[in-house]
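Below: the structure, in structure tokens.
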Amino acid sequence: MSNWDVLVVGAGQAGCAAAWDLAAAGLRVAVISRAQSRAKPCAGGVTEKALARYRFSIASVVRETVSTLAVSHTSSPIRHLSARARFCVMTERSELDALCRAKAEQQGVVFYDTAGLRSLHQEANKVSVQTREGQRFNAPWLVAADGANSAVARMLGERHLRGAMAIEGCVPRKNIRDYPPMTLDFGAIRGGYGWLFPKGDHVNVGLYVWRHGAAAPERSALQRYSLARLGVQAEHVAGYPLGTWLPNTRLVNGRVLFVGDAAGCTEALLGEGIYGAVLSGQMVAQALLSSEPEMAYPASLAGWREELHQVTRLGQLFYGLLPISTRVLQSRLGATLVDGFAQGLTLGQCKRQWRGAQSSKG
């Protein structure tokens, strides 16, 4: 049995962000994560606002720098929206996670690989975890960073919530005649979009549905989209849920605090999750350094919770008005959006900036 200041379950973007900050503050931190699991499916786009949150450079894992976004709908031609500067970089999620783990280890975080959790118990002043291998861990607090299908949440009896869904694969660049820019094809699937993300030696291709039940992003649908846009079927196909329920869930259960997809920190309109993961990881670390983490953490994420509430409403409007909303996005609004992303703004901030510009014109 080992005793720690904080336990973190999950070694993705949220878990590593929390662990890095906690260890940098001098706490003894153990991260428990699945061993030899397949790489986490993730489109791997990191926006400028997310880049600004990292405590270290991720330049070594950047595969492409993006300043132009191609937007289309099945009923309209492609329109290219160019920002004045970079607004996104492309990474491979496995490489990004490995870098963040290495940086956390440099801060003194200790990682334990496991086949899964066997039990979790809470007491008045501690949380106890046992892995399937029989290892036991104790700490005053546990950070649940284990994704949208959180095992920690299930063990605590938290109700299962449904968010967005995505499926993706990759196509080697050598098999593609025309190497695409970053592309969003709205209407490629009902209630969502298809994407093409260029990553140097391959293109990441996928389908996103903004809320569970809108449509089924199935393998056959992805392959049809890949054939139509790239002329070849995708390889290494995997589907996955995204947590978009932050506006409707609690963040704390006793001495367990939820972050990232486990907390529903992904925005629903476009499905960007990395920013919310890193943000929530850093906010939970800040809260755990305070005298009342269970109060401080929800307060620190209140702004992001409200942002995601507004973005969810925007998503309902946007996808409900397709294809009209795509044509609006292809107009000056889209150019304002990518410029806002280049400034490191969130979707909500971009929307407010655009409205301010329209008001001043009036």
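Might you let me know whether region 165-173 holds any residue that is at pLDDT below 95 and more than 24 Å from ALA263 (Cβ to Cβ)? No, region 165-173 has no match at all. Does region 322-336 contain at least one residue that is free of Cβ contacts under 8 Å to residues at least 40 places away in the same chain, surrounded by fewer than 18 Cβ atoms within 10 Å (Cβ to Cβ), in contact with a Leu (Cβ under 9 Å, 6 or more places away or on another chain) and farther than 26 Å from ASN248 by Cα? Yes - at least one qualifying residue is present in region 322-336.
Every condition in (1) touching a residue at least 12 places away in the same chain (Cβ under 8 Å); (2) open to solvent by 60 Å² or more (accessible area, probe 1.4 Å); (3) not small (Gly, Ala, Ser) holds for GLU123 except the one numbered (1). Scanning region 183-209 for residues that are open to solvent by less than 20 Å² (accessible area, probe 1.4 Å) and either small (Gly, Ala, Ser) or without any contact (Cβ under 8 Å) to a residue 12 or more places away in the chain (or both) returns GLY191, GLY192, GLY194, GLY206.
Put simply, of GLY260, GLY276 the only residue that is buried (at least 24 other Cβ atoms within 10 Å of the Cβ) and out of contact with any strand residue (DSSP E or B) (no Cβ under 9 Å at 6 or more places or on another chain) is GLY276. Just give me the residues in region 115-142 being on the phi < 0 side of the Ramachandran plot and outside any strand (DSSP E or B), in sequence order. Within region 115-142, ALA115, GLU123, ALA124, ASN125, LYS126, ARG132, GLU133, GLN135, PRO140 qualify.
In region 50-58, the condition of being of a type in the set (Gly, Ala, Ser), buried (at least 16 other Cβ atoms within 10 Å of the Cβ) and touching a strand residue (DSSP E or B) at 6+ places or on another chain (Cβ under 7 Å) is met by no residue.
Condition check ((1) touching a residue at least 60 places away in the same chain (Cβ under 8 Å); (2) farther than 30 Å from ALA268 by Cβ; (3) open to solvent by 10 Å² or more (accessible area, probe 1.4 Å)) across all residues:
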residue	(1), (2), (3)
VAL129	yes, yes, no
LEU156	yes, no, yes
HIS160	no, no, yes
GLU168	yes, no, yes
ASP178	no, yes, yes
PRO181	yes, no, yes
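Mind listing whichever residues of region 210-234 are buried (at least 24 other Cβ atoms within 10 Å of the Cβ) and within 17 Å of the chain's Cα centre (by Cα)? Answer for region 210-234, where residues must be buried (at least 24 other Cβ atoms within 10 Å of the Cβ) and within 17 Å of the chain's Cα centre (by Cα): just TRP210. Of the candidates VAL252, VAL284, VAL237, the single residue that is more than 15 Å from HIS309 (Cα to Cα), touching a strand residue (DSSP E or B) at 6+ places or on another chain (Cβ under 9 Å) and surrounded by 24 or more Cβ atoms within 10 Å (Cβ to Cβ) is VAL284.
Restricting the first member to region 222-238 and to residues that are in contact (Cβ under 8 Å) with a residue 24 or more places away in the chain, and the second to residues that are among the basic types (Lys, Arg), the beta-carbon pairs closer than 8 Å and six or more apart or on different chains are GLY231/ARG177; VAL237/ARG219; ALA238/ARG38.
If you go through region 73-88 and pick out every residue that is closer than 16 Å to VAL203 by Cβ and crowded, with 21+ Cβ neighbours inside 10 Å, you end up with 1.
Checked against the criterion of being polar (S, T, N, Q) and either under 20 Å from ASN204 (Cα atoms) or open to solvent by 40 Å² or more (accessible area, probe 1.4 Å) (or both), region 24-35 has no qualifying residue. What about ARG101, is it under 30 Å from ALA188 (Cα atoms), of a type in the set (D, E, K, R) and either over 21 Å from the mean Cα position of the chain (by Cα) or surrounded by 16 or more Cβ atoms within 10 Å (Cβ to Cβ) (or both)? The answer is no for ARG101. Between VAL46, VAL9, VAL66, VAL61, the distinction of being under 22 Å from GLY340 (Cα atoms), in contact with a helix residue (DSSP H, G or I) (Cβ under 8 Å, 6 or more places away or on another chain) and surrounded by 15 or more Cβ atoms within 10 Å (Cβ to Cβ) belongs to VAL46 only. Looking only at region 131-145, residues that are open to solvent by less than 40 Å² (accessible area, probe 1.4 Å) and touching a residue at least 24 places away in the same chain (Cβ under 8 Å) come to 9 in all. Candidates are the residues of region 287-318 that are of a type in the set (A, V, I, L, M, F, W, C) and either touching a His at 6+ places or on another chain (Cβ under 7 Å) or under 17 Å from ALA17 (Cα atoms) (or both); the one that is most open to solvent (accessible area, probe 1.4 Å) is LEU289. Checking each residue in region 216-252 for being in a loop (DSSP other than H, G, I, E, B), in contact with a helix residue (DSSP H, G or I) (Cβ under 8 Å, 6 or more places away or on another chain) and modelled with pLDDT under 95 picks out THR249, ARG250.
The values are calculated or read from the model by the stated rules, or taken from the named source; none is laboratory data. Just so we're clear, the structure is a prediction, and the values are computed from it rather than from any experiment. With ideal geometry, Cβ positions are generated from the backbone for all residues, glycine too; neighbour counts draw on all protein chains shown. Note: accessible area is taken over every heavy atom of the protein model, side chains too, but ligands, DNA and RNA are not part of it. Shrake-Rupley method; radii C 1.70, N 1.55, O 1.52, S 1.80 Å.
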